[in-house]
Amino acid sequence: MRSRNLQFVGGTFIALTAATAAALAQAPDRDTVQKWFDAEWKAAQTIPDLGDASITWRMEFAYVPSESELEELRARVEGRPDHPERGKLRAWRRAFEGEPEFLRHQLWMRGQGQWRFNIEDGPTATPTYTDITLSPSGMWTLSRQQLSRAKAGDPAFDNTKYHENTFWPQIRRFMFGGIASGCVSCERDPLVLSGTRWSVTVRSRSAGSVPLLTTSYEGHWDAAAGRGFTDTLYIRPHPNAANPNGARFEFSGWSYRDALARWMCDRVVESHANGPVQRVYLLEEVAPNNPGRFNEVAKEPAPNGTDAVRGTVTFTSVLDYQGEKIEIRELDGDGTVKRAVAPRPTPDPGRWPSWVEPSAGGLVIGACLLVAWRRNTHNIESKQS
């Protein structure tokens, strides 16, 4: 009996030793993980050249309010058509009924500096329309009512940075798991490694010594892939900050995407730091463009024509910045084209033109310009198209 017990203990010891050895063989050394993280950090701070490809993803507004929260919001909004929270009320109602709103994002690229970015709304009561294209031949933006066009890099019109600051942060989350996001005067603590689990804490500081943000990354090392992956990102503002709530991001579904020759996750869940889920980002498709596809989507649509992405277009006015002055053309229902010109605004480097503002619906041209034009109808030449 004693012999059998010794054999059992010995076998168990050998099995545990083998398992421990296997685990140690899978565990990387800290320098390897640190080197990988440093490389990811550097890459995440640049705009990557994704070649000739397209990316499609959706953003779901996942927060589901309680019945009391919905009633409180309804009491504030109902009977006030101009209340700023009316859109929020529509979204909360849909979420409460089990049909959360979502936006679908599409980005077509052909190397750096050539892209078309498009946002379409899902089954939502708040229609969204964002559409802008940048190519060597020029820039143009599209809305339901208007097409605006300019030469590439025109400082009076160039709002491409605004849109790049919309889609690149979201794409970086899929690519890098939030690494280096929102970094301002960052100080990184040494990477901590425990088995195959790693973590890094980063502090973004103001001009003083008080950290503005503390960002913590947690992830795992995959020996087969030869690299690490981010699982969770925590963003914690300073307790005295104006908005001390913070946020949590969770990354899952990492896989290698041949179209971009890189690893990407396919699901990002955004929550309050210690609260409910707010948004879910889902990567739907990453694909190489078919030959000529980028030229198709980047082609400027004509009035009453069709577009490779939007189908039949509905715009009835064109703002053309390609000359020394802005030319404005409006097409009436009877086919009459009204034309006018307006002086070009003096651009303020690094800013949008003062009369062009971003909005959820795309680009809204300042009312002053159009109202002034329509009041001065004696300056308008009418021609039959």
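No lab work stands behind these numbers, since they all come straight from the coordinates. As the structure is a prediction and not an experimental result, all values here were calculated from the model. When we count neighbours, we look across all protein chains shown, and the Cβ atoms used for this are built from the backbone with ideal geometry, even at glycine.
Annotations for the structure displayed:
- Ascending count of other beta-carbon atoms within 10 Å, so fewest first, for K338, K325: K325, K338
- Peptides 171-180, 295-304, 261-270 ordered by average Cβ neighbours within 10 Å, highest first: 171-180, 261-270, 295-304
- Packing-based exposure ordering (other Cβ within 10 Å, fewest first) of E187, E67: E67, E187
- Packing-based ranking, highest mean first, of 191-202, 52-63, 70-81, 281-292 given that Cβ atoms within 10 Å are counted: 52-63, 191-202, 281-292, 70-81
- Extension gain from S255 to N165, taking 0.36 nm per residue of separation minus the Cα-Cα distance: 29.9 nm
- Here segment 239-289 is treated as a Stokes sphere of Kirkwood radius computed over C-alpha pairs; at 10 °C and 1.306 mPa s its diffusion coefficient rounds to 123 µm²/s.
- Among 36-46, 229-239, the order from most to least packed when residues are scored by Cβ within 10 Å on average: 229-239, 36-46
- In terms of surrounding Cβ atoms within a 10 Å radius of their Cβ, L331, L134 rank from fewest to most as L331, L134.
- Where labels lie 7 Å past Cα in the beta-carbon direction, separation of S66 and T312 in nm: 4.9
- What the Cβ-Cβ distance of A223 and T56 gives, at R0 = 30 Å and to the nearest 0.05, is a FRET efficiency of 0.45.
- For q = 0.15, 0.17, 0.19 Å⁻¹, Debye-computed log10 I/I(0) when each Cα of segment 71-142 counts as one equal scatterer: -0.65, -0.73, -0.80
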